[in-house]
Amino acid sequence: MLDGRYSQWAELIYLLVLKELKVRYKRSVLGFLWAIANPLMFALVYWVAFKFIMRVQMENYIVFILTGLFPWAWLSLSVTQGTGSFINNLSLVRRVTLPKLILPLSNVMQEMVHFVFAIPVVFFIIVITGESIHPLLLLWQIPLMLVLQTLFVFPLTVIGAVLNVYVRDVQYLVGILFSAFFFITPMVYPLSIVPENYQQYFKLNPAYWLIDSWRNVFSGNILPLAHLAWVLGSIAGFSLLAAWIYHRLASRIAELV
Amino acid sequence: MSMIDVNGVWKTYRNHPQLGIKERLVGKRVPVEEGRFARSWALRDISFQVDAGRSLGIVGHNGTGKSTLLSLILGTIKEDRGTIKRKGRIGAMLELGSGCHPDLTGRENIFLNGAILGLRIAEIKQKLDSIIAFSELGAAIDLPMRTYSSGMSARLSFSVLAHAHHDALLIDEILAVGDASFQTKCSAYFRDYTAQGGTLVVVSHSLQAIQDLCVDGLWLHEGKLVQQGPISNIVKNYLNSRDDVFT
């Protein structure tokens with residue numbers, strides 16, 4: 001049996017995510033349609049840019065780029081926005097007794113929801129560009145990847161959020177770090193265009209394995225073991241680091257936000 | 001039976017968050033300030049108990065540590081020395097609109113706020129009509145909260161708080177923004193609440209309101225406990241002392 005508190009917290013996270021989504025779209029004409037229109041427009045822009053302007057010579061580049069960019073958006077938006085999750089929710093941190101980790105977690109979940117809305121867009125593009133979809137594999141691999149990426153992103157968000165309470169410069173550093181990783185991580189380009197003797201370094205980047213896992217899943221492959229190992233290893237490493245930092249620094253968060 | 005037992009509690013202000021990386025790298029310290037609001041101890045050696053069914057009113061000047069004390073009792077910040085023992089679930093209304101979002105309607109905020117206070121969604125649905133009725137907001141309940149006056153916000157928050165089950169309630173000033181009829185309603189609610197064994201701690205500068213709400217009193221001055229006793233005595237002594245403090 002689950003402790004009643006966990007299901008209560010789950011409800012609270014649900015309401016916090018719902019709040020963010022409502023607040024984001026409430027005053028727009030299209031409302032929730034934006035959740036799907038946004039990734040679709042995004043896909044179109046990239047398609048036009050790379051198909052007709054940059055003219056990248058890669059087979060089905062649009063699918064390649066979208067299967068990388070949507071998971072990346074989830075990762076980078078969660079961490080960059082979640083870094084502010086304590087200082088931007090001052091009244092929740094200071095004025096009510098609440099398990100504080102619910103705040104960064106609801107940030108991660110909210111971006112996950114946006115990612116989930118983007119999944120049909122990816123399939124739509126896959127189908128209209130004439131590739132095939134493998135429903136059976138997707139059926140269990142997509143939920144698996146959703147869980148893995150949540151576990152991957154959450155500790156990073158916690159680290160950012162806690163450190164940012166102590167040193168506010170962290171939020172800017174995180175922003176810069178993610179713009180750097182946008183290019184360091186083979187995402188808008190394949191790893192194969194990197195000179196071969198540098199490729200080993202690019203493969204030390206956990207984000208590469210996460211993004212490439214999604215690419216494998218979307219293109220109907222079984223998740224390779226190396227990918228799974230890297231992602232799980234990163235999750236373990238990030239979680240330990242986050243737990244250590246949180247354990248050491250969390251007790252004073254309420255008075256420093 | 002004491003619901004809240006504060007024993008020899010000290011609290012400092014340290015670790016100044018306004019320092020960024022630059023200041024830390026060059027080892028800069030926050031300059032020592034002087035004046036009425038600058039002191040190194042927020043609270044010094046505070047001890048008192050609140051028993052079940054009692055109501056305690058805390059008086060004192062601005063910046064004297066009243067709100068810090070409530071946060072300590074609530075447990076969102078930690079004491080540096082001493083201990084605070086709490087029994088049961090503690091609810092608090094320390095700030096107007098905490099746990100509400102201005103762009104959500106009053107109704108939506110009832111859910112959010114209720115969940116933050118530990119209510120289950122099913123429970124909130126069940127009590128929704130009663131909460132809205134208690135707030136007397138009527139049709140305004142479906143308007144975004146940014147359109148609310150501070151009195152209306154207080155009505156909404158308080159109605160949710162009154163429908164959550166807490167063994168002790170901490171109230172910081174907030175109710176003062178409500179109109180007369182709402183304040184009467186709150187007083188009636190608190191009388192019922194303490195009569196049924198609930199514990200109440202109130203901070204207020206409205207000495208009339210605090211005497212209406214509370215039986216016991218506690219007077220803080222510059223982080224120190226000056227006196228505790230029946231609220232009428234405390235208020236009287238506090239009023240008499242005011243002239244000395246500013247000289």
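The values are calculated or read from the model by the stated rules, or taken from the named source; none is laboratory data. No experiment lies behind these values; they were computed from the predicted model shown. Note that we place each Cβ from the backbone using ideal geometry, even for glycine, and neighbour counts take in every protein chain shown.
In segment B:118-132, the condition of being more than 9 Å from chain A (Cβ to nearest Cβ) and closer than 17 Å to B:GLY178 by Cβ is met by at least one residue.
Summed over segment A:189-199, the residues that are in a helix (DSSP H, G or I) and not charged (D, E, K, R) give a count of 6.
Looking across segment B:153-204, the residues that are closer than 15 Å to B:GLY114 by Cα and small (Gly, Ala, Ser) come down to B:SER153, B:ALA154, B:SER157, B:SER159, B:ALA162, B:ALA164. Inspect all residues belonging to segment B:145-152 and state whether any of them is within 9 Å of chain A (Cβ to nearest Cβ) and closer than 26 Å to A:SER106 by Cα. There is no residue in segment B:145-152 that is within 9 Å of chain A (Cβ to nearest Cβ) and closer than 26 Å to A:SER106 by Cα. Here B:THR64 fulfils each of the conditions (1) over 23 Å from B:PRO230 (Cα atoms); (2) crowded, with 20+ Cβ neighbours inside 10 Å; (3) touching a residue at least 40 places away in the same chain (Cβ under 8 Å) apart from (1). Just checking, does segment A:167-180 include any residue being under 30 Å from A:GLU255 (Cβ atoms), outside any helix (DSSP H, G or I) and not basic (Lys, Arg)? Yes, segment A:167-180 has at least one match.
Taking the criterion of being of a type outside the set (A, V, I, L, M), in contact (Cβ under 8 Å) with a residue 60 or more places away in the chain and touching a Gly at 6+ places or on another chain (Cβ under 7 Å), the residues of segment A:70-101 that qualify are A:THR80, A:GLY82, A:THR83. When B:ALA176 is tested against (1) surrounded by fewer than 21 Cβ atoms within 10 Å (Cβ to Cβ); (2) farther than 30 Å from B:ASP5 by Cα; (3) away from chain A (no Cβ under 14 Å), only condition (2) is not met.
Which residues, taken from segment A:14-37, are at pLDDT below 85 and touching a His at 6+ places or on another chain (Cβ under 8 Å)? Scanning segment A:14-37 gives a single hit, A:ALA35.
Within segment B:82-94, at least one residue is touching a Phe, Trp or Tyr at 6+ places or on another chain (Cβ under 9 Å) and closer than 25 Å to B:HIS165 by Cβ.
I'd like to know if segment A:32-50 contains one or more residues that are crowded, with 17+ Cβ neighbours inside 10 Å and over 23 Å from the mean Cα position of the chain (by Cα). Yes, some residue in segment A:32-50 is crowded, with 17+ Cβ neighbours inside 10 Å and over 23 Å from the mean Cα position of the chain (by Cα).
Restricting attention to segment A:154-200, the residues that are in contact with a Pro (Cβ under 9 Å, 6 or more places away or on another chain), closer than 23 Å to A:GLN57 by Cα and crowded, with 23+ Cβ neighbours inside 10 Å add up to 0.
Number of residues in segment B:163-185 that are assigned to a helix (DSSP H, G or I) and more than 18 Å from B:ILE90 (Cβ to Cβ): the value is 8.
Determine whether A:TYR6 is within 14 Å of chain B (Cβ to nearest Cβ), more than 23 Å from the chain's Cα centre (by Cα) and aromatic (Phe, Trp, Tyr). Answer is yes for this residue.
Cβ-Cβ distances below 6 Å connect the following pairs, each with a first residue in segment B:84-99 that is within 17 Å of B:GLU173 (Cβ to Cβ), a second residue that is among the charged types (D, E, K, R), and a separation of six or more residues or different chains: B:LEU94/A:ARG95; B:LEU94/B:ASP172; B:GLU95/A:ARG95; B:SER98/A:ARG95. Filtered by the rule that a residue be away from every other protein chain (no Cβ under 14 Å), β-branched (Val, Ile, Thr) and more than 27 Å from A:LEU139 (Cα to Cα), segment A:218-257 gives a lone residue, A:ILE245. Within segment A:200-247, the residues that satisfy the criterion of being under 16 Å from A:PHE64 (Cα atoms), in a helix (DSSP H, G or I) and of a type in the set (Ser, Thr, Tyr) are A:TYR208, A:SER213. When the strands (runs of 3 or more DSSP E) confined to segment B:34-114 are screened for residues that are away from chain A (no Cβ under 11 Å) and more than 14 Å from B:VAL201 (Cα to Cα), those reaching at least 2 such residues are found at B:41-51, B:81-86.
The residues listed here are A:ILE87, A:ILE36, A:ILE53; of these, the one that is hydrophobic (A, V, I, L, M, F, W, C) and under 28 Å from A:LEU210 (Cα atoms) is A:ILE36.
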